[in-house]
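Trainee: I am attaching a structure below and will ask some questions about it afterwards.
The values are calculated or read from the model by the stated rules, or taken from the named source; none is laboratory data. The structure displayed is predicted, hence computed values, not measured ones. Methodologically, a virtual Cβ is constructed for each residue, glycine included, from the backbone with ideal geometry; neighbour enumeration extends over all protein chains shown.
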Amino acid sequence: MKARAAIRPKKALGQHFLVDPNIIKKILAVAAVQKDQTVLEIGPGQGALTRALCEAARQVIAVEIDQTFTPILEALQQQYPHLEVKWEDALTVDYQALPPGTVVVANLPYYLSTPLLCRLLESGLRLARMVLTLQVEVAQRLVAGPGNRDYGSLSVIVQSCAAVERAFSIAPSCFFPRPAVESAVVVISPNPSSMKPQRRQALVHTVKTAFAHRRKTLLNSFREEGWPVEKVVEALQTARIDPMRRAETLSIQEFLALADALFP
Ligand code: SAM
């Protein structure tokens, strides 16, 4: 039977609580947390996932912005002393003390998903994996490859530093209140070797410029964004990319080659 939420959910904080125990089990199975691991949970809310994570992990660090959940989460802490709650904004909290091999598990609000994901990937933390419940639209963008209509800056930026896999979908009826759209669970496994910050910045700049005018050729897109034509032609030649191609056809490797040529 599904439990009903006792707290009035705040729309601005994207509060859609998981109320289906089967989905919680499925998320746990995908997260594959080992007994000696630390879990970072973003947005524990009423603790639906938190309890299950506390059963599975050595240490759980939960970051929650809404102090309405204090009584619920304090009660959980009584039961599970290895649960630490940070009452902070997940976008500004300091993650540097997290041990290597931490698993991130989160059912994220729409507004938080992209900035948080980018922050975690750029943090230099050696995360084992991130198991994120996201709006299906964001999940599709994360896993999309060249030629797919959902392939864009987010796909390239994330796939350049992690393997991304869509695990399963979640119907709106599994949440309270029901979101307007379906959700999906995505597993993001960061590459063991991290990219140098300068190369990463160059890639982000290149990708955003290339996708700034989706319908235009790469050459025109860069020109529209103020790049000198000769410099772009030369870089495309170095990267062995036809200037008449569009951004959506480039592979991750081609974007990296182009970024390296534009920002040697
Ligand atoms: N984990 C719970 C579950 O699955 O039922 C709640 C998920 S709900 C979709 C999102 C949670 O993120 C809420 O508890 C909300 O208060 C919290 N949240 C929203 N913005 C946040 C932020 N900037 N930093 C930390 N937590 C945030």
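Trainee: Evaluate the following for R223: is it without any contact (Cβ under 8 Å) to a residue 12 or more places away in the chain and part of a helix (DSSP H, G or I)?
Mentor: Spelling it out, R223 is indeed without any contact (Cβ under 8 Å) to a residue 12 or more places away in the chain and part of a helix (DSSP H, G or I).
Trainee: Where the second residue is within 12 Å of the ligand (Cβ to nearest atom) and among the basic types (K, R) and the first is within 18 Å of Y95 (Cα to Cα) and lies in region 38-65, which pairs have Cβ atoms under 8 Å and are six or more apart or on separate chains?
Mentor: Listed pairs, sorted by first residue: I61/K86; A62/K86; V63/K86; E64/K86.
Trainee: Looking at (1) loosely packed, with under 12 Cβ neighbours inside 10 Å; (2) in contact with a His (Cβ under 7 Å, 6 or more places away or on another chain); (3) of a type outside the set (A, V, I, L, M, F, W, C), find the lone condition where R58 falls short.
Mentor: Failing condition for R58: (1).
Trainee: Additional query: From R129, R119, which residue is under 12 Å from the mean Cα position of the chain (by Cα), charged (D, E, K, R) and away from the ligand (no atom under 12 Å from the Cβ)?
Mentor: Numbers: R119 fails: away from the ligand (no atom under 12 Å from the Cβ).
Answer to the selection: R129.
Trainee: Could you check, for region 65-87, whether at least one of its residues is closer than 30 Å to S193 by Cβ, away from the ligand (no atom under 12 Å from the Cβ), hydrophobic (A, V, I, L, M, F, W, C) and touching a strand residue (DSSP E or B) at 6+ places or on another chain (Cβ under 8 Å)?
Mentor: No: zero hits.
Trainee: In region 115-163, what count of residues is obtained for those that are part of a strand (DSSP E or B) and surrounded by fewer than 22 Cβ atoms within 10 Å (Cβ to Cβ)?
Mentor: 4
Trainee: State which residue pairs qualify: first residue of a type in the set (D, E, K, R) and inside region 206-219, second residue in a helix (DSSP H, G or I) in any location, beta carbons under 7 Å apart, and separation of 6 or more residues or different chains.
Mentor: The qualifying pairs are K208/S153; R214/A247; R214/E248; K216/E224.
Trainee: Show me the helices (runs of 4 or more DSSP H) entirely contained within region 1-92 in which 1 or more residues are of a type in the set (V, I, T) and either more than 21 Å from F168 (Cα to Cα) or in contact with a Phe, Trp or Tyr (Cβ under 8 Å, 6 or more places away or on another chain) (or both).
Mentor: 21-31, 70-79
Trainee: Could you look through region 100-111, keep only residues that are modelled with pLDDT of 95 or more and surrounded by 15 or more Cβ atoms within 10 Å (Cβ to Cβ), and pick out the one that is nearest to the ligand (Cβ to nearest atom)?
Mentor: N107
Trainee: Can you tell me which of S153, S169, S173 is within 15 Å of the ligand (Cβ to nearest atom) and farther than 23 Å from C54 by Cα?
Mentor: S173
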